[in-house]
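Read through the structure below, which is laid out as structure tokens, and then see the notes.
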Amino acid sequence: MVNIFGVRVMLVLGVAAMCTVGAFGAAENAQTTASLVAETPKARDARMSWWREARFGMFVHWGLYSGLAGTWKGESTGDSGGKEWIQNQVKADTWEYAHEAIPHFRPKEGFAREWAQLAKEAGCRYLVFTSKHHEGFALFDSQYTDYDGADLTGRDLCKEIVDAVKAKGLRVGFYHSVIDWHHPQYDYEAANQLPHPLRGQPSPNGPRNHAIYVDYLHHQANELMTNYGPIDIIWWDYSKEGNDGPFWRADELMRAVRAAQPAIISNNRLYHIPDIEKEDSVARLKSWKPEQGDFTTPEQTVPSTGVPGVDWEVCMTMNTTWGYNEHDHAWKSTETLLRTLIDIVSKGGNYLLNVGPKGDGSIPEESITSMRAIGAWMAVNGDAIYGTTASPVEPPAWGRLTAKPGKLYAHVFDWPQSGVLEVPRDGRTVTKAYLLADAGKTALQMESSADAVSIRIPAAAPDPIASVVVLEVAR
Ligand code: GLC
């Protein structure tokens, strides 16, 4: 057991020492955004190509909050909402929080291999996990703080995860919070929208120096970008108006990240996030410059039209929390999760579906069950997801469409009782139709009219959640 008061003393000294060290990409290098990273559209497409094909990733929120599991000092903090915010909810300072949470954070051997195995089984092509969430506890081994997994457990948890994910042939990414409720120089009064458990109260350690915290942020990003081999995604969280890009010296940070990891793909939350949870916010979801990130991140909702013209990824929870909450039983059904994946892909986006492991790193049974069910479906129907693009037509009443050159995939949610499936033709000639679940690709009878093709389908749906009919098409 680590003596957290020992940790506290070391940390404060650590910060003082750290300030003298030059930042990762010095501040004086900061230039205008326009010249941030020189890249042709073709080079960008090449860099983005694996991500655009992947379509489905696993998000993992895991930190000290996971062990608390939504319970504070023996009492439930409620059955809904993001419990990775529990420290803010109970308004605990970092020492009280660490004191309560640390005894419950006990990573078991092999937890990372279980995550990677589940992601693989589910058909995810990438995994993004919290290198550090708002609480400030780093899963990686950081020389700039003692508030990290290595100092606590003697293991580099981040390395365990990265290695396990790569060993399964999956891409790996870091979710990294720019907000930090632990660092003594995180100046939560410096902007209007900076959350902190003690917000509204004077800082217990006197006036804070935001520049020192930003150096720390850059140093830790450097550690993440240089100590764990090739990293595929950096998923920042988050900036708001008043604490957007310049507040974090974002251009400099992005430039340094790309210099260390030239192929990395980044979300846009280091600069500014619009009202991501509002369905109608498509214009706002598109309001960032390409050099400020590669994709935009609608959260917990699927924009009805997708986000046309840009790369986007919906992140979503399986119940109502990102970090584990033992009181949250509002699990979405496999049907909902799978149909949401199909809906997103039919609109041209990616799906980053969250699991919140417990304090020992084990994933809740409900999440395992759903992930495996999605995986079983993907094993049969993955061709209709991976490498596909948005439907060329409006969603039909019976389900959704995805497309590939020469193919349309009809994902049928409501299997027609009439025995005939009508698929909008949109000027295409359909040359053959068959069930994706049919390895023999037996041609289904069909008839074309001006607008649609009518396909004779078997009486019973191959899959109660979504059955895929493949249409081979020519213009
Ligand atoms: C929000 C929340 C955070 C969660 C994230 C996932 O920004 O602050 O708790 O990690 O969304 O998208």
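The values are calculated or read from the model by the stated rules, or taken from the named source; none is laboratory data. Just so we're clear, the structure is a prediction, and the values are computed from it rather than from any experiment. Don't worry about glycine lacking a Cβ; one is built from the backbone with ideal geometry, like all the others, and counts go over all protein chains shown.
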Point to revise | Odd one out for residue 88 among (1) in a loop (DSSP other than H, G, I, E, B); (2) within 14 Å of the ligand (Cβ to nearest atom); (3) over 27 Å from residue 156 (Cβ atoms) | key: (1)
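Considering only region 199-209, I want to know if a residue exists there that is within 16 Å of the ligand (Cβ to nearest atom) and assigned by TED's automatic domain parsing to the domain that holds residue 65.
So the first thing to find is which residues in region 199-209 are within 16 Å of the ligand (Cβ to nearest atom), and the list is 199.
After this cut, where a residue has to be assigned by TED's automatic domain parsing to the domain that holds residue 65 as well, the list is 199.
Yes, region 199-209 has at least one match.
Consider residue 309 carefully, then state whether it is on the phi > 0 side of the Ramachandran plot and without any contact (Cβ under 8 Å) to a residue 24 or more places away in the chain.
Working: on the phi > 0 side of the Ramachandran plot: yes; without any contact (Cβ under 8 Å) to a residue 24 or more places away in the chain: yes.
Answer is yes for this residue.
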Revision key, fill the gap. Only one of (1) within 16 Å of the ligand (Cβ to nearest atom); (2) surrounded by fewer than 17 Cβ atoms within 10 Å (Cβ to Cβ) does not apply to residue 315, and that is (2)
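Looking at 84, 39, 28 in this structure, which one is at pLDDT 85 or above and farther than 23 Å from residue 130 by Cα?
On the way: 84 fails: farther than 23 Å from residue 130 by Cα; 28 fails: at pLDDT 85 or above.
After ruling out the rest, the residue left standing is 39.
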Study note, to complete from the structure: Residue set 99, 134; condition touching a residue at least 12 places away in the same chain (Cβ under 8 Å), over 12 Å from residue 66 (Cβ atoms) and within 16 Å of the ligand (Cβ to nearest atom); output residue 134
Check your understanding: Of all the residues that make up region 137-147, how many are more than 18 Å from the chain's Cα centre (by Cα) and within 16 Å of the ligand (Cβ to nearest atom)?
Key -> 1
**Study point:** Hits in region 141-165 - residues which are crowded, with 21+ Cβ neighbours inside 10 Å and of a type in the set (Gly, Ala, Ser)
**Key:** 142, 149, 164
Practice item. Just need a number here: residues in region 318-349 that are buried (at least 24 other Cβ atoms within 10 Å of the Cβ) and β-branched (Val, Ile, Thr). Key: 4
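Is it true that residue 177 is among the polar types (S, T, N, Q), assigned by TED's automatic domain parsing to the domain that holds residue 361 and more than 16 Å from the ligand (Cβ to nearest atom)? Outline the logic, then answer.
On the way: among the polar types (S, T, N, Q): yes; assigned by TED's automatic domain parsing to the domain that holds residue 361: yes; more than 16 Å from the ligand (Cβ to nearest atom): no.
Here the answer is no, as residue 177 does not meet what is asked.
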Practice item. Considering each residue of region 283-306, count those that are closer than 24 Å to residue 122 by Cβ, in a loop (DSSP other than H, G, I, E, B) and either under 16 Å from the mean Cα position of the chain (by Cα) or within 16 Å of the ligand (Cβ to nearest atom) (or both), and give that number. Key: 7
Review point. With (1) in a loop (DSSP other than H, G, I, E, B); (2) surrounded by fewer than 17 Cβ atoms within 10 Å (Cβ to Cβ) as the list, and residue 228 as the residue in question, which single condition is left unmet?
Key: (2)
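Using the structure shown, decide if residue 196 is modelled with pLDDT of 95 or more, within 16 Å of the ligand (Cβ to nearest atom) and in contact with a Gly (Cβ under 8 Å, 6 or more places away or on another chain). Walk me through how you get there before you give the answer.
Details: modelled with pLDDT of 95 or more: yes; within 16 Å of the ligand (Cβ to nearest atom): yes; in contact with a Gly (Cβ under 8 Å, 6 or more places away or on another chain): no.
Answer is no for this residue.
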Exercise for review: Could you check, for region 392-405, whether at least one of its residues is touching a Phe, Trp or Tyr at 6+ places or on another chain (Cβ under 8 Å) and assigned to a loop (DSSP other than H, G, I, E, B)?
Suggested key: yes
Check your understanding: Which of the residues spanning region 51-75 are surrounded by fewer than 16 Cβ atoms within 10 Å (Cβ to Cβ) and touching an Asp or Glu at 6+ places or on another chain (Cβ under 8 Å)?
Key -> 73
Review point. Given the structure, is residue 234 out of contact with any Cys (no Cβ under 9 Å at 6 or more places or on another chain), surrounded by 20 or more Cβ atoms within 10 Å (Cβ to Cβ) and over 30 Å from residue 210 (Cβ atoms)?
Key: no
Point to revise | Lone unmet requirement of (1) more than 16 Å from the ligand (Cβ to nearest atom); (2) among the acidic types (Asp, Glu); (3) under 15 Å from residue 220 (Cβ atoms) for residue 121 | key: (3)
Practice item. State whether the residues of region 205-220 include one that is touching a helix residue (DSSP H, G or I) at 6+ places or on another chain (Cβ under 9 Å), farther than 20 Å from residue 97 by Cβ and part of a loop (DSSP other than H, G, I, E, B). Key: no
